[in-house]
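Here the structure comes first, spelled out in structure tokens, and everything after it is commentary.
The values are calculated or read from the model by the stated rules, or taken from the named source; none is laboratory data. Keep in mind that what you see is a predicted model, and the values were worked out from it rather than measured. All Cβ positions, glycine included, derive from the backbone under ideal geometry; neighbour counts span all protein chains shown. SASA here: full protein model, heavy atoms, side chains in, ligands and nucleic acids out. Shrake-Rupley method; radii C 1.70, N 1.55, O 1.52, S 1.80 Å.
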Amino acid sequence: MRITAAEFVTSAVTPAQYPVDVGPEVAFVGRSNVGKSSLINTLLNRRGLAKTSATPGKTRTINFFRINGRLGFVDLPGYGFAQVSRAERATWGPMVAQFFQTRQELRGVVHLVDVRHPPTAEDQRTRAWLLQWQRPLLTVATKVDKIGRTQRPSHLKQITETLNLDAESPVVVFSAQTGEGKEKIWEWIGEMTGR
Ligand code: GTP
Ligand code: MG
């Protein structure tokens, strides 16, 4: 897709704060620091549009972006970051659950995992949790620039097995550093949103 405009719309915690008229949406979910905001920036060719950080827990609210005035991206806060306060951890579930429950515009969910490590127990729980909302899921194995080519097959096999992925559960390898995988992710987004 040719991107003529990409803008940050708003940050929200409750449904009343969600924007209207954004168009069909795709949300990005994954562990804190896995690279959700970096993926969004890479897809949109906009460095720094979604705020990234080497410190986990950068994105704490639901952040909405609008592309070409007719497609929405939703940067969700990361899970699994031990250093956030207990109160904050307790709000992640309800905040994100409410989003999935109420957001009619949501057409697909990109679940990011770190290609370097086997998916964590929390990655597994999150996948199971995401499946219940019955939205199409795409698994993205990110930071692939950090492993050698010869390591890829075994790492992907482990991800496929640990997350119980099958022929109908696509996995795309991706790197925000090199842009590898970007076209495939756009293709999936196009299929899900009709944009
Ligand atoms: P939270 O908002 O804290 O949940 O994190 P996030 O998932 O949005 O991660 P973010 O995009 O902020 O990236 C975290 C760190 O990983 C940053 O230092 C990024 O530069 C780095 N990073 C993200 N993607 C890649 C990638 O594909 N390759 C490499 N080498 N580094 C990456
Ligand atoms: Mg982030």
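Listed values, structure above:
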quantity: Within-10-Å neighbourhood charge of SER37 [Cβ basis; K, R +1; D, E -1]; calculated: +2
quantity: Rel. contact order, % - alpha carbon contacts under 8 angstrom, at least six apart, the chain; calculated: 23 percent
quantity: Semi-axis lengths, Å, the chain, gyration tensor of Cα atoms, sqrt of 5 times eigenvalues; calculated: 23, 20, 17
quantity: Projected label distance in nm at TRP186 and VAL20, using a 7 Å step from Cα toward the beta-carbon; calculated: 3.2 nm
quantity: Cross-link partners of LYS143 among lysines (Cα-Cα below 17 Å; sequence separation of 8 or more within a chain); calculated: LYS36, LYS157, LYS182, LYS184
quantity: Å² of accessible area per residue within the chain, as computed with a 1.4 Å probe and no ligands counted; calculated: 50 Å²
quantity: Simple Cβ-charge dipole of the chain, Lys/Arg +1 and Asp/Glu -1, about Cα centre, in debye nearest 20; calculated: 460 debye
quantity: For segment 98-147 and segment 162-195, distance of Cα centres in Å; calculated: 11 Å
quantity: DSSP-assigned coil residues among trypsin sites (Lys or Arg not before Pro) in segment 39-80, each with at most 11 further Cβ atoms within 10 Å; calculated: ARG47
quantity: Accessible carbon and sulfur surface of segment 6-193 relative to its total accessible area, %, 1.4 Å; calculated: 48 percent
quantity: Computed [θ] at 222 nm, helices only, for the chain once each DSSP H run of length n ≥ 4 contributes -39500 (n - 2.57); calculated: -9500 deg cm²/dmol
